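A.B. asks: A single structure is presented below for examination.
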Amino acid sequence: MSKRLHVTIQAGEISEQIVEVAESATYEDLLDKLNINQETVLVLNEGNAVPLDGAVNSDRLTILKVVTGG
C-alpha cells in the first residue's frame, strides 16, 4: 500500500511535486526518494518541524533548505 504526498520544496525557488511513498514511510525515506541530503533541510508539517525518523502522517509537507554561511 502507498500514499500520495503533495510536497513543496523551498530551496531558493519554490517547486511542488506529488510523491508516492509506502504507508510505513518515514520522513527520512521521503528525503531519500527525492535525493535530498537530510542534513541540509527541515521537513515541515503545518509549519512545524518534524523528526526525520517519524512516520509520514500528512499528505501535505514543506521541505525547507537550510542556508548557513559566514
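A.B. asks: Please label the shape of the range 1-63 as rounded, prolate or oblate, based on the square roots a ≥ b ≥ c of the eigenvalues of the alpha-carbon gyration tensor (a/c under 1.5 means rounded; beyond that, a/b larger than b/c means prolate, else oblate).
C.D. replies: In terms of gyration-tensor shape, rounded.
A.B. asks: Quick check: net charge around Met1, other residues with Cβ under 15 Å of its Cβ, Lys/Arg +1 and Asp/Glu -1?
C.D. replies: Result for the neighbourhood of Met1: -2.
A.B. asks: Something else: Nothing charged except the Cβ atoms of Lys and Arg (+1) and of Asp and Glu (-1): what's the magnitude of the dipole of the chain about its Cα centre? Round to the nearest 20 debye.
C.D. replies: Magnitude of the dipole: close to 140 debye.
A.B. asks: Just flag the trypsin sites (Lys or Arg not before Pro) in the chain sitting in loop per DSSP whose Cβ has no more than 11 other Cβ atoms within 10 Å.
C.D. replies: Here no loop site has a sparse enough neighbourhood.
A.B. asks: Note the full-extension length gain between Gln10 and Asn48 as 0.36 nm times their separation in residues minus their Cα-Cα distance, in nm to one decimal.
C.D. replies: Using 0.36 nm per residue and subtracting the Cα-Cα distance, I get 12.2 nm.
A.B. asks: From the phi angles alone, apply the Karplus equation (6.51, -1.76, 1.60; θ = phi - 60°) to the range 43-58 and give each ³J(HN,Hα) in whole Hz, x where the residue is Gly or Pro.
C.D. replies: 9, 10, 10, 6, x, 10, 5, 10, x, 5, 8, x, 6, 5, 10, 9
A.B. asks: If you don't mind, there's one more thing I want to ask. Label-point separation (nm) for Glu23 and Ala55, each offset 7 Å from Cα along Cα-to-Cβ?
C.D. replies: 0.9
A.B. asks: What nm distance separates the two modelled labels at Lys3 and Asn35, each placed 7 Å from Cα along Cα→Cβ?
C.D. replies: Result for the modelled spin labels: 2.6 nm.
A.B. asks: Let me check against my output: what whole-number percent is the relative contact order of the range 1-54, with C-alpha pairs under 8 Å and at least 6 apart?
C.D. replies: Relative CO of the range 1-54 lands at 27 percent.
A.B. asks: Divide by every residue of the chain the summed helix terms, -39500 (n - 2.57) for each DSSP H run of at least 4, and state the resulting mean residue ellipticity at 222 nm, rounded to the nearest 500 deg cm²/dmol.
C.D. replies: The helix-only estimate for the chain comes to -2500 deg cm²/dmol at 222 nm.
A.B. asks: Carbon and sulfur atoms: what percent of the 1.4 Å accessible area of the chain do they account for?
C.D. replies: Ligands and nucleic acids excluded, carbon and sulfur give 46 percent.
The values are calculated or read from the model by the stated rules, or taken from the named source; none is laboratory data. Please read these numbers as outputs of a predicted model, since none were measured by experiment. Cβ sites come from the backbone with ideal geometry, for glycine too, and all protein chains shown count toward neighbours. Note: accessible area is taken over every heavy atom of the protein model, side chains too, but ligands, DNA and RNA are not part of it. Shrake-Rupley method; radii C 1.70, N 1.55, O 1.52, S 1.80 Å.
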